[in-house]
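Report on one structure; see the data block that follows.
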Amino acid sequence: MTRILGIESSCDETAAAVVTDGREVLSSVVASQIDIHRKYGGVVPELASREHLRQIVPVVREALSQANMLLADIDAIGVTQGPGLVGALLVGITYGKTLAAALGKPLVPVNHLAGHVHAVFLEAHKANRAVKLPAVCLIVSGGHTVLYEVKPGVSNAADSDGLLIYRKIGQTRDDAAGEAYDKVAKLLGLGYPGGPILDRLAKAANGVAAPVKFGPTKTRGNPLDFSFSGLKTAVLYHVREHAEYAEEIRTREEALKRGERKYEQLLPLCTPQTLALVREFQHAVVRDLVERTLLAAEQLAIESVLVSGGVAANSQLRRTFEERAKDKGFEVFFPSRALSTDNAAMIAAAAYERFRAGFFADASLNADPSLVLG
Ligand code: KG4
Ligand code: ZN
């Protein structure tokens, strides 16, 4: 049995987890910094690094304690090398390197995006489901919107990332989908992060007539590339051109200043027109994510569709993928909400693959903010 301590600090979550054989999650601890970044409407890199420094030791300790383990019981340490914020990554890497050196255990550098793919495998294992490969994996979060083809590889082969081979087949050319959610929520006076609240408000719109319709986004060149900044701008222009939104946005901004940011508090401050606008925005995002992913699945004749990252928690995205993929004969896999957003269990699981394939780092390991996968 291989026990791996995973460490993740690429963005605004400080996380540690213990996972055995890349499959059984013994513990997964996540310290979120949302409350710190909320008033800026996005992640502030300097504040993120400082908070990681404060959290890293207690979070690792808690992960070991919940797994009933001591540092000496760990067989290897897996740490996120990138992509992410350089100062944030450095905290996890420096701590991981120090632990590995002090304990004399191997250090396994992990690509954060490979971690998101492994979150799906962890969940599938928990549900006793086997993920058939090749698969298409959509990673969709506040920082990423990217499509991969995931194929079984050969252990120790120079071109394989452990046991899986990743090939990037599409990506966003501008904003990530989660970023679009966050920006639209901000301009509508609905707080930060935007995804969870817009998801619920879209549901509350029911059958109210749409104040505007957003057509499919066209991307020249690769049909598997995404683009969300045009949609966000279309929402902005619509709101600017319709003076009736201004008053309720101001009212909600004042509520947010008083700390009233819950769904139950903001819902009564939204007119049916705003709810319908949110529903149309979400409809456009979901349609685009699902259609391009399924186009890739058909083009590549794959077996399964995997969806991971913070936006994978979106209820309409899940429902639409389930319905559409069933029609086309693909099996769809999502992680649970806890494994969708950034966590260290997925890093430990991805590290296991690389541990077995012998991908170890030494003390020269450095953060790579734009580390590429596939
Ligand atoms: O993976 P994550 O925790 O962090 C990174 O960005 O790496 O994802 C956070 C993003 C935020 O942009 C948030 O608005 C979005 O995921 N999100 C959602 C939902 N829950 C979180 N977007 C749409 N619907 C949701 N239910
Ligand atoms: Zn992530």
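Within the set Ala31, Ala72, the sole residue that is among the small types (Gly, Ala, Ser), assigned to a strand (DSSP E or B) and surrounded by fewer than 21 Cβ atoms within 10 Å (Cβ to Cβ) turns out to be Ala31.
Contact annotation: residue pairs with Cβ atoms under 9 Å, 6 or more positions apart or on different chains, pairing a residue in the range 183-196 that is among the charged types (D, E, K, R) with a partner that is near ligand 1 (Cβ under 9 Å from one of its atoms) and in a helix (DSSP H, G or I), are Lys183/Gly194; Lys186/Gly194.
Considering (1) in a helix (DSSP H, G or I); (2) over 23 Å from Leu300 (Cα atoms); (3) within 16 Å of ligand 1 (Cβ to nearest atom), the lone condition that Tyr192 does not fulfil carries the number (1).
Considering the range 222-250, and only residues there that are under 29 Å from the mean Cα position of the chain (by Cα) and without any contact (Cβ under 8 Å) to a residue 12 or more places away in the chain, the residue that is nearest to Arg287 (Cα to Cα) turns out to be Thr233. Applying the condition of being more than 16 Å from ligand 2 (Cβ to nearest atom) and of a type in the set (D, E, K, R) to the range 80-139 and asking which residue is farthest from Glu13 (Cα to Cα) yields Lys132.
Quick note: the coordinates plus some simple rules give every number you see, no bench work behind them. Small disclaimer: the values here were computed from a predicted structure and weren't measured. Methodologically, a virtual Cβ is constructed for each residue, glycine included, from the backbone with ideal geometry; neighbour enumeration extends over all protein chains shown.
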